[in-house]
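Any read-out appearing in this document is the output of simple, stated calculations on the displayed coordinates, not a laboratory observation. Everything quoted here is computed from the prediction, not taken from an experiment. Virtual Cβ from ideal backbone geometry, glycine too; neighbours counted across all protein chains shown.
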Amino acid sequence: MTREALLPLAVLAALAVAPLAGFGGSYELTLLARAMILGMAAVSLSFLVGGAGLVSLGHAASLGVGAYAVAILDAHGVTEALIVLPVAVAAAAGFSLLTGAVAIRTSGVHFIMITLAFGQMAFFTTSSLAAYGGDDGYTLYGRTEVAGTRLLENRLAFHYICLGLLALTWGLCAMLLASRFGRVLRAARENAQRVEAVGLAPYPFRLVGYAIAGALGGLAGVLLANATEFVSPATLSWQRSGELLFMVILGGVGRLWGAILGALAFVLLETWLAEQMQHWKLVFGPLLVLAVLFLKGGLSGLVARRHG
Amino acid sequence: MAEPLLRLEDLRKHYGGLDVTDGVSLDVMPGEIHAVIGPNGAGKTTLIHEITGIVAPDSGRILFAGQDITRLSLPRRVRAGLARSFQITSIVAGFSARENVALAAQARSGSSFRFLRPASGEAVLNDTAMAALDLVGLADRAAVPAGTLSHGEKRALEIAIALATRPRLLLLDEPLAGAGPEETERLIALLKRLGADYTILLVEHDMQAVFALADRISVLVYGRVIATGTVPEIRGNAEVRAAYLGEDDA
């Protein structure tokens, strides 16, 4: 194993010991859970962007579909994770499969715009769901139960569940990219014509990849709904999609685990700055621009150069 | 006479008022190296695009091993056994030379919808890739990122990729384009070796190379085949000399 292969494990290990190393308060745990959940969404987006070359500006929609599945089931009295989780993940995968079937026929800027359009479509759909709060959003009766237990109510347990699913998401995406399937995706990202000229049409591979990323986004959405016990159209606003894309770029596009760093840095910096000053966005924006300009390979590139 | 492996029947393609392919009929026989030559603007590239399915002809038929492939997509033609190289080298620059070829081997060996095992650990694919790289003289460059190979090496790599798809016909679009004199010599020797085992349709600008390699030559001028024959026949053809050779320094 090369040293670079150990770096993502180091990041996950740091998150595992964080509650024991002075970050175990409810404030810190809430913040870390949010970062890990957005990290999951960012890793699945990084799989699309860095792996398959599909720059989606609508990834928050899959997050939102997952979150709204929790809300809608909650409103109908279904709060069991064994039901909620598969339904939410399947709904997000289905949404991605349907929208991807159209979007993946385009490329470049057109792909970005069409994913954005589908994202907005989902946004306005949720805004009009009057039964589930409409614009105001929907407050859950409680967190999803796991096999009848209130496991997720325990902040520490929730922390480790988020961490476990984050590790699972990363491991799954890494495994997929290394497989035959991922080799086709990676080759098609660089040179689709070459893939066709060896006898493979990139389209079905990209579509399946898009649906898998959507399913993982939906999984993150389930956790996000549980973290805040509240779901609103803001979950799937296009700004959220942009933030996810930003986390991927900040972390480094070529490395999946970079998205975890990107999400952590983004959430922590955003929170810290917001506590320091009222007009924190005036500082946050330029900081992000500088990071993109001067961090070649993103945060993960920086870490890899130091320790790789 | 044996059945042709590739048969073009009266292919036509217009762009506006221009007949880029103007009734081309051509047979490539199994085992031969068949060269298509012609001055710039003769429609060679369009013809290649029609044969590989990138451009659809307005009319006419393309038969490959007796099967009508006129309406098949490029990937399906490749799976039927038609491999091509590109005029402008087309490789995956970020992959190693070996992974470039392994991708082609993978396309030919079972489904690519496999999600669990790391593809780089599949011995069968790697062995196939190494055999093809060895054949084109790139075995010792297998681990090098393809983007950093020299121009001639990239050309050879593209041929190795084509070989790994287990083609019945190799369609080489100006394989010598942009190669230096030494590289050209090496590539000609390579093509000569491949000619012993493969049927090749060669579109090439370099007349010396064509005369050294081809069993038969078809001359394309303004979208029409004005002559098909052996090297001496083409050299001696007055119409060809007038249309083509006379205006070249070859």
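Annotations for the structure displayed:
- Note on residue A:281 and residue A:20: the extension gain reaches 90.8 nm, defined as 0.36 nm multiplied by sequence separation minus the Cα-Cα distance.
- Proximal lysines relative to residue B:13, as straight alpha-carbon distance under 17 Å, when same-chain residues fewer than 8 apart are discounted: B:44
- Taking 1.567 mPa s as the viscosity and 4 °C as the temperature, the Stokes-Einstein diffusion coefficient of the stretch B:91-166 based on its alpha-carbon Kirkwood radius rounds to 108 µm²/s.
- Globularity index of the protein assembly as shown, i.e. its alpha-carbon radius of gyration over 2.2 N^0.38 Å: 1.18
- Report summary: the helix-based calculation at 222 nm, which adds -39500 (n - 2.57) for every DSSP H run with n ≥ 4 and divides by the residues of chain A, gives -24000 deg cm²/dmol.
- Candidates per trypsin sites (Lys or Arg not before Pro) in the stretch A:119-180, loop by DSSP, up to 13 other Cβ within 10 Å: A:150
- Extending 7 Å from the Cα toward the beta-carbon at both residue A:203 and residue A:273 defines two label points whose distance is 4.3 nm.
- Amide H contacts under 5 Å for residue A:252, placed H, 5+ residues apart: A:299, A:300
- Looking at the stretch B:141-250, the chymotrypsin sites (Phe, Trp or Tyr not before Pro) that sit in a DSSP loop and have at most 16 other Cβ atoms within 10 Å of their own Cβ are B:222.
- Once backbone amide H atoms are built at 1.01 Å from N, residue B:21 has B:13 as its partners under 5 Å, excluding neighbours fewer than 5 places away on the same chain.
- A crude spin-label estimate for the pair residue B:61 and residue B:196, with each label 7 Å from Cα along the Cβ direction, gives 3.7 nm.
- Checking every one of the chymotrypsin sites (Phe, Trp or Tyr not before Pro) in the stretch A:140-234 against DSSP loop status and a limit of 14 other Cβ atoms within 10 Å picks out A:141.
- Each stretch of four or more DSSP H residues adds -39500 (n - 2.57); spread over every residue of chain B, this sum gives -10500 deg cm²/dmol at 222 nm.
- Spatial separation of Cα centroids for the stretch B:106-162 and the stretch B:181-195, in angstrom: 20 Å
- Normalised convex hull volume, the stretch A:3-307, alpha-carbon set, Å³ per residue: 137 Å³
- Inter-part distance where the stretch A:215-241 and the stretch A:13-47 are each reduced to a Cα centre, Å: 15 Å
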